[in-house]
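**Q** Sending over a structure as structure tokens; questions will come in a sec.
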Amino acid sequence: GIVTNGETRRRLVSTAEVYMFGFVLALVPFHAFITVWLSTFIGNYTWLRLWPAAVTGILFIILLVSLANNPDERQLYRHSYLLKIILGYTIFVVVFGVVAYLLKGVSLKAVAYGILLDVRFFIWFLFAFLIAKRSTQFQKHWWLITVIPLALVTLFALFQFFVLPSDFLSHFGYERGRTIPALQTINEDQSTIRAQSFLRGPNQLGLYL
């Protein structure tokens, strides 16, 4: 059949959305490790830590463009009470932050960072909701994007706990006070090493698992 330019653009946007979403979903468990290791080559550890937030921002822009160009997707969001609650919470966070800034309670940087931390999970959820509804490829292969990283994280955690030297991660830029401690213990007891795998710490590893 005949494919219009509008349909071609929507397909391209849809493909970009799915690949970006899958890319972030697969790499987030390795975010801390990748960031610390890259910082040993190019520095700027603090800025490098923000790459998932930057990608989330790009995804949010793509999401808005997609909604603007697709009435069916707008209907999908419009009829979901859960999504309305998320939207209401997001508006509340933004308004609360702006009021706090106008009352000189916090700096503009703090407001921006606070809003980012508070709403990024919901932006991610909204995007995941759209991808899961739209993409048959993602519906078929989502488990590969989640299970393979999970297996790698789990395997490395076991190696870290039972086989590797306790300070093994120091070879990749891990350093207490500068990036992430290479060795994590319970109450500074060197005999109680806690595995953290590729995550930021043992607690984050537990949450992820």
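**Q** Based on this model, can you work out whether residue 66 counts as among the polar types (S, T, N, Q), modelled with pLDDT under 80 and either in a helix (DSSP H, G or I) or closer than 18 Å to residue 172 by Cβ (or both)?
**A** Yes.
**Q** I'd like to verify a number: residues in the range 83-120 that are assigned to a helix (DSSP H, G or I) and loosely packed, with under 11 Cβ neighbours inside 10 Å, how many?
**A** Qualifying residue count for the region: 5.
**Q** Would you be able to say whether some residue in the range 67-81 is surrounded by 13 or more Cβ atoms within 10 Å (Cβ to Cβ), among the aromatic types (Phe, Trp, Tyr), out of contact with any Cys (no Cβ under 6 Å at 6 or more places or on another chain) and farther than 20 Å from residue 17 by Cβ?
**A** Within the range 67-81, none of the residues are surrounded by 13 or more Cβ atoms within 10 Å (Cβ to Cβ), among the aromatic types (Phe, Trp, Tyr), out of contact with any Cys (no Cβ under 6 Å at 6 or more places or on another chain) and farther than 20 Å from residue 17 by Cβ.
Here's the yes/no breakdown for (1) within 20 Å of residue 201 (Cα to Cα); (2) among the aliphatic types (A, V, I, L, M); (3) modelled with pLDDT of 80 or more:
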site	(1), (2), (3)
1	no, no, no
4	no, no, no
26	yes, yes, yes
35	yes, no, yes
38	yes, yes, yes
52	yes, no, no
56	no, no, no
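**Q** What are the residue pairs meeting all of these: first residue in the range 142-154, first residue among the hydroxyl-bearing types (Ser, Thr, Tyr), second residue exposed (fewer than 14 other Cβ atoms within 10 Å of the Cβ), Cβ atoms under 6 Å, and 6 or more apart or on different chains?
**A** none
**Q** When residues of the range 168-194 are filtered for being in a loop (DSSP other than H, G, I, E, B), aliphatic (A, V, I, L, M) and either farther than 15 Å from residue 37 by Cβ or open to solvent by 80 Å² or more (accessible area, probe 1.4 Å) (or both), how many remain?
**A** Adding up the residues that qualify gives 1.
**Q** Let me ask something else. What about residue 133, is it among the basic types (Lys, Arg), out of contact with any helix residue (DSSP H, G or I) (no Cβ under 9 Å at 6 or more places or on another chain) and surrounded by fewer than 16 Cβ atoms within 10 Å (Cβ to Cβ)?
**A** no
**Q** With without any contact (Cβ under 8 Å) to a residue 60 or more places away in the chain and either β-branched (Val, Ile, Thr) or under 21 Å from residue 23 (Cβ atoms) (or both) as the only criterion, which of 162, 125 stands out?
**A** Selected residue: 125, the only one of 162, 125 that is without any contact (Cβ under 8 Å) to a residue 60 or more places away in the chain and either β-branched (Val, Ile, Thr) or under 21 Å from residue 23 (Cβ atoms) (or both).
**Q** Taking residue 38 as meeting all but one of (1) open to solvent by 70 Å² or more (accessible area, probe 1.4 Å); (2) hydrophobic (A, V, I, L, M, F, W, C); (3) in a loop (DSSP other than H, G, I, E, B), write down the number of the exception.
**A** Condition not satisfied by residue 38: (3).
**Q** Considering only the range 131-181, state which residues are among the aromatic types (Phe, Trp, Tyr), within 29 Å of residue 42 (Cβ to Cβ) and under 22 Å from the mean Cα position of the chain (by Cα).
**A** The answer is 156, 172, 174.
The values are calculated or read from the model by the stated rules, or taken from the named source; none is laboratory data. Being a predicted model, the structure only gives us computed values, none of them experimental. Glycine also receives a Cβ, built like all others from the backbone with ideal geometry; neighbour counts cover every protein chain displayed. Side chains included, ligands, DNA and RNA excluded: accessible areas come from the protein's heavy atoms. Shrake-Rupley method; radii C 1.70, N 1.55, O 1.52, S 1.80 Å.
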